[in-house]
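The values are calculated or read from the model by the stated rules, or taken from the named source; none is laboratory data. Because the structure is predicted, anything quoted here is derived from the model rather than measured. Cβ placement follows ideal geometry from the backbone for every residue including glycine, while neighbour counts extend to all protein chains displayed.
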């Protein structure tokens, strides 16, 4: 569980960490405040103060000025492989009669003319609570 004001540990195999919103605000505030007093503060001085790499500090500042907010943008993720109408078509075909309920995932995919991995068909049906007789018979 992420505690407010701490860095995220989601990169387990690297030393990279996501900067917190508080750290990003501090970077922008330091840069803006110290720039108003005279000459711009070197990024390395801000980095030393905050404890983050100077290139990261610079990137945070530039991104904040472009976006207008120190918050991260919403992560979009990978788009779904099938639209809702395609999922309904798969479900209707599978539940049509006894023979289609006993078909393998590959047969369902081939009969519908889909270009996907058979496990996607399985996952779609399982997410809707439909377990095929093939799934039970094959032990998958």
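Annotation: of all residues in segment 108-125 being loosely packed, with under 13 Cβ neighbours inside 10 Å and over 15 Å from residue 80 (Cα atoms), the one that is farthest from the chain's Cα centre (by Cα) is 111.
Confirm whether residue 54 is at pLDDT 90 or above and surrounded by 11 or more Cβ atoms within 10 Å (Cβ to Cβ). Yes, satisfied.
Okay, residues lined up against (1) within 22 Å of the chain's Cα centre (by Cα); (2) free of Cβ contacts under 8 Å to residues at least 40 places away in the same chain; (3) assigned to a loop (DSSP other than H, G, I, E, B):
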{"residue": "34", "(1), (2), (3)": "no, yes, no"}
{"residue": "57", "(1), (2), (3)": "no, yes, no"}
{"residue": "71", "(1), (2), (3)": "yes, no, yes"}
{"residue": "77", "(1), (2), (3)": "yes, yes, yes"}
{"residue": "80", "(1), (2), (3)": "yes, yes, yes"}
{"residue": "92", "(1), (2), (3)": "no, yes, no"}
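The selection criterion, being surrounded by 10 or more Cβ atoms within 10 Å (Cβ to Cβ), more than 30 Å from residue 26 (Cα to Cα) and modelled with pLDDT of 85 or more, holds for residue 88. Flag: residue 66 does not match the condition of being over 21 Å from the mean Cα position of the chain (by Cα), surrounded by 10 or more Cβ atoms within 10 Å (Cβ to Cβ) and at pLDDT 75 or above.
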